[in-house]
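Colleague: Below you'll find the structure I mean.
The values are calculated or read from the model by the stated rules, or taken from the named source; none is laboratory data. All values reported here derive from a predicted model rather than from experimental measurement. Positions of Cβ are generated from backbone atoms using ideal geometry, with glycine treated the same way; all protein chains shown enter the neighbour counts. The area values use the complete protein model at the heavy-atom level, side chains included, leaving out ligands, DNA and RNA. Shrake-Rupley method; radii C 1.70, N 1.55, O 1.52, S 1.80 Å.
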Amino acid sequence: MTITHSQEAFTKAQELIPGGVNSPVRAFKSVGGIPRFIARGEGAYLIDIDDNAYVDYVQSWGPLIFGHRDESIENAVIDAVKHGLSFGAPTQAESDLASLIISLYDSIEKVRFVSSGTEAVMSAIRLARGFTGRDDIVKFTGCYHGHSDALLVQAGSGAATFGTPSSPGVPADFTKHTLLADYNDIESVKACFASSEGIACVIIEPIAGNMGLVPANKDFLAQVRTLCDEHGALLLFDEVMSGFRACLHGAESITGTKPDLVTLGKVIGGGMPVGAFGGRGDIMAHLSPEGGVYQAGTLSGNPVAMAAGLASLGKLNTNRRIFGVLEARATRLMNGFSDAAKKHNIGLQTDVRGSMFGFFFSDDEVTNFSQALKSDTARFAVFHAAMLEAGFYFACSQFETGFISTAITDTMIEATIDAAEKIFGAL
Ligand code: KE4
């Protein structure tokens, strides 16, 4: 496979843009090699500027559940563009998408649109703090909630549950109210509540996708809910990735635990920049201009982005069997990987939630971030490069999630399994 044009483009891009990319994970730093510069997407495929085609299991990190250039989404966007790009004034499309989301999430009574998942989470945290009058929040190691200051934290030294900045440029003062717990470990959550004057909210990816795919244990989520209720804290499900990817009615519908607030993104924008946060009406009523918690955005609810989101979500809503089809394909893919790994005595852990799938090169089950960190990332990097060379485009980090789109066929799944089996044999 020749990648001359991507090599040249990457060299040039690095002179212009830090790391040559506009989001760090795209630089292939954790897997090595040259990131492919994409010319276009077609259905299940990405085509790079050297005209190599890849079956795309990343789908822009989740948004493209119908694959690339879905006709109905494309037509909706083109039609919206012909009415104007942006108005900075309310449009019917915003109410239509809001109404659809509210109809699908039992926990969402009102919703506010923004332009990214980061913005959605940052705003929801401010709302939780404004509603409760409390400053402290709890997050989990291994969960990613966008790059706002208070959420760029890692475990403090020793047994401390308070967060310390994980990025230069974040003042310690900005993370001193962020407490860290361990995923699927209720004792660590209790420790946070015990060491705080008052928790505003617990934020969690109920189906974690940013340490690899690590779903929360149902009983654990129920215990977190109980702790929040006992202490008057809000429970915030960050479903920017899992929303409308795991199922149609939110993690609450498959875990049985109902949050107070939810953040969404990716699929609800159909590939255009959209984030959203919503939840209980009495909480959302505290948001400006109804209440005092300020939040705003020039392109929030952009009509072209709303059109893409409505087309994407509308199609999911009228074709609900899609989730069963996608889950069956994801399950086939992961079972195929498991069988191939066993055949070559390679330790592989796999999991599936709807159209989301994940795998770790590890002999042991992965239920939290410290276990995920023990996986063989060097082996993952070799696998990633070899699959790319074979024409299969997987996430360029072990700590990400893969996705199935409706454009990926059973034949493509079988070809992917065959390629993986050959690569496992050579590992
Ligand atoms: P954005 O600001 O990237 O739209 O959303 C942030 C975010 C918030 N919450 C969750 C659960 C998320 O997964 C994300 C973003 N996901 C990553 C993929 N792991 C985006 C890809 C990237 O950073 O380039």
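Colleague: For the structure I just gave you, tell me whether residue 378 is under 19 Å from residue 48 (Cα atoms) and open to solvent by 10 Å² or more (accessible area, probe 1.4 Å).
Modeller: no
Colleague: Could you grab me the full set of residues in region 106-126 that are hydrophobic (A, V, I, L, M, F, W, C), within 15 Å of residue 151 (Cα to Cα) and in contact (Cβ under 8 Å) with a residue 40 or more places away in the chain?
Modeller: Matches in region 106-126: 120, 121, 124, 125.
Colleague: Out of 50, 96, I need the residue that is open to solvent by 40 Å² or more (accessible area, probe 1.4 Å), over 24 Å from residue 357 (Cα atoms) and charged (D, E, K, R). Which one?
Modeller: Checking each option against the conditions leaves just 96.
Colleague: Take the residues in region 392-427 that are of a type in the set (Gly, Ala, Ser) and over 24 Å from the mean Cα position of the chain (by Cα), then tell me which one is surrounded by the fewest Cβ atoms within 10 Å (Cβ to Cβ).
Modeller: 426
Colleague: Shifting gears a bit: Out of all the residues in region 338-360, is one or more farther than 28 Å from residue 51 by Cα, in contact with a strand residue (DSSP E or B) (Cβ under 8 Å, 6 or more places away or on another chain) and in a loop (DSSP other than H, G, I, E, B)?
Modeller: yes
Colleague: Condition first: aliphatic (A, V, I, L, M) and either out of contact with any Lys or Arg (no Cβ under 6 Å at 6 or more places or on another chain) or surrounded by fewer than 24 Cβ atoms within 10 Å (Cβ to Cβ) (or both). Now tell me which residues in region 242-266 satisfy that.
Modeller: 248, 251, 254, 261, 262, 264
Colleague: Then there is this: Quick check: anything in region 97-119 among the acidic types (Asp, Glu) and within 16 Å of the ligand (Cβ to nearest atom)?
Modeller: Checking region 97-119: at least one residue is among the acidic types (Asp, Glu) and within 16 Å of the ligand (Cβ to nearest atom).
Colleague: Check whether at least one residue in region 139-155 is charged (D, E, K, R), over 17 Å from residue 239 (Cα atoms) and away from the ligand (no atom under 16 Å from the Cβ), and report yes or no.
Modeller: no
Colleague: Please identify the pairs in which a residue from region 214-241 that is more than 18 Å from residue 62 (Cβ to Cβ) and touching a residue at least 40 places away in the same chain (Cβ under 8 Å) has its Cβ atom under 8 Å from the Cβ atom of a residue that is open to solvent by 20 Å² or more (accessible area, probe 1.4 Å) and not β-branched (Val, Ile, Thr), counting only partners at least 6 apart or on another chain.
Modeller: What qualifies is 217/184; 227/190; 233/134; 234/131.
Colleague: For region 29-39, check the following and say yes or no: at least one residue is within 16 Å of the ligand (Cβ to nearest atom) and free of Cβ contacts under 8 Å to residues at least 12 places away in the same chain.
Modeller: yes
Colleague: Same structure, new question: From the list 181, 200, 222, which one is in contact with a Lys or Arg (Cβ under 8 Å, 6 or more places away or on another chain) and farther than 22 Å from residue 119 by Cα?
Modeller: 181
Colleague: Can you tell me which residues in region 349-366 are within 18 Å of residue 61 (Cβ to Cβ) and either of a type in the set (Phe, Trp, Tyr) or outside the structural domain of residue 332 (by TED's automatic domain parsing) (or both)?
Modeller: Result: 357, 359.
Colleague: Of the residues 228, 247, which single one is more than 13 Å from the ligand (Cβ to nearest atom) and closer than 19 Å to residue 121 by Cβ?
Modeller: 228
Colleague: Got a number for residues in region 379-409 being more than 16 Å from the ligand (Cβ to nearest atom) and touching a Lys or Arg at 6+ places or on another chain (Cβ under 7 Å)?
Modeller: 2
Colleague: Take region 126-149 and flag every residue that is part of a helix (DSSP H, G or I), open to solvent by 10 Å² or more (accessible area, probe 1.4 Å) and not small (Gly, Ala, Ser).
Modeller: Matches in region 126-149: 126, 129, 131, 132, 149.
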